[in-house]
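Some notes on the structure that comes next.
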Amino acid sequence: MNPRDRRVLSDLRSMEELAERGVVAFRTEGNPPEIFHLMFEAPGLAKQGPSALTVRSMHRCDVYLHRDYPRRPPVFAWQTPIFHPNILGPESNGGVCIGSWSASESLADLTVRIIALASYRAFNADDPLNREAAEWIIENDVAAPADVNALARLPLGPGVAVTIAGGVSR
């Protein structure tokens, strides 16, 4: 067995442990698995029309372990609606900016980071994939970790910054 296949099987075991703890559900394709279809619950945001947001709790994304994995990071494809500066929804090919990554980071550890990203416990508005979401975060002075329910009450659009009690927005 080559080193890549050993790593993928190790990642599969760590993902199974994560699933046993109820953090994520998944199914795979390939032997050894090269595609992980992830599903998890975490409060996140999605657009509800052109000027409003809603809380979305169920998220799905696919993780592709290409031939150069783990020398290069896996590729994510988001499958459910989301409004986030570092994640594109499926209508925009579902790209995910995972930030810094090293080959020593397991797929399970990266999955936990992705869940934190989707739920606004982490984000980087300075290096966005979704410029509209980044501008909205900056305009509303949102800091991580943020209360998604409070964020959902903020309007979308230019010049609509609102103060929310609790420091979500100033």
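What ranking do Ser104, Ser10, Ser51 get, fewest neighbouring Cβ atoms within 10 angstrom at the top?
With the sparsest Cβ surroundings first, the list reads Ser104, Ser51, Ser10.
Where does the chain land at 222 nm, in deg cm²/dmol rounded to the nearest 500, when only DSSP H runs of n ≥ 4 count, each adding -39500 (n - 2.57), divided by all residues? Please report the intermediate quantities before stating the final value.
Numbers: 4 runs with 44 residues, N = 170.
Calculated mean residue ellipticity at 222 nm is -8000 deg cm²/dmol.
Quick one: Cα centre-to-centre distance for segment 124-155 and segment 65-83, in angstrom?
The distance from the Cα centre of segment 124-155 to that of segment 65-83 comes to 23 Å.
Give me the extension gain from Arg72 to Glu20: residue separation times 0.36 nm, minus the current Cα-Cα distance, reported in nm with one decimal.
Details: separation 52, 0.36 × 52 = 18.72 nm, distance 2.73 nm.
Taking Arg72 through Glu20 to full extension adds about 16.0 nm, to one decimal.
The chain: D in µm²/s via Stokes-Einstein (Kirkwood Rh, Cα pairs, 25 °C, 0.890 mPa s)?
Answer from the Stokes-Einstein relation: 147 µm²/s.
Just to be sure I understand the model, the point goes 7 Å from the Cα along the line to the Cβ. What's the resulting Asp147 to Glu29 distance in nm?
Modelled inter-label distance: 4.1 nm.
What are the ³J(HN,Hα) values, in whole Hz, obtained from phi via the Karplus relation 6.51 cos²θ - 1.76 cosθ + 1.60 with θ = phi - 60°, for each residue of segment 92-97 in sequence order, with x given for Gly and Pro?
10, 6, x, x, 10, 8
Going by how many other Cβ atoms sit within 10 Å of their own, how do Thr111, Thr80 line up, fewest first?
By the 10 Å Cβ count, ascending: Thr80, Thr111.
Most fluctuating residue of Gly94, Gly157, Gly30 in a GNM of the chain with Cα springs under 10 Å: which is it?
Ranking Gly94, Gly157, Gly30 by mean-square fluctuation puts Gly30 first.
Taking the chain as a Gaussian network, where each spring joins two C-alpha atoms under 10 Å apart, which residue of Asp68, Asp141, Asp126 fluctuates the most?
Residue with maximal mean-square fluctuation among Asp68, Asp141, Asp126: Asp68.
Bear in mind that the values in this text are calculations on the coordinates, not laboratory data. Note that this is a predicted model, so its numbers are computed, not measured. Neighbour counts are summed over all protein chains in view; Cβ atoms, including those assigned to glycine, are modelled from backbone coordinates with ideal geometry.
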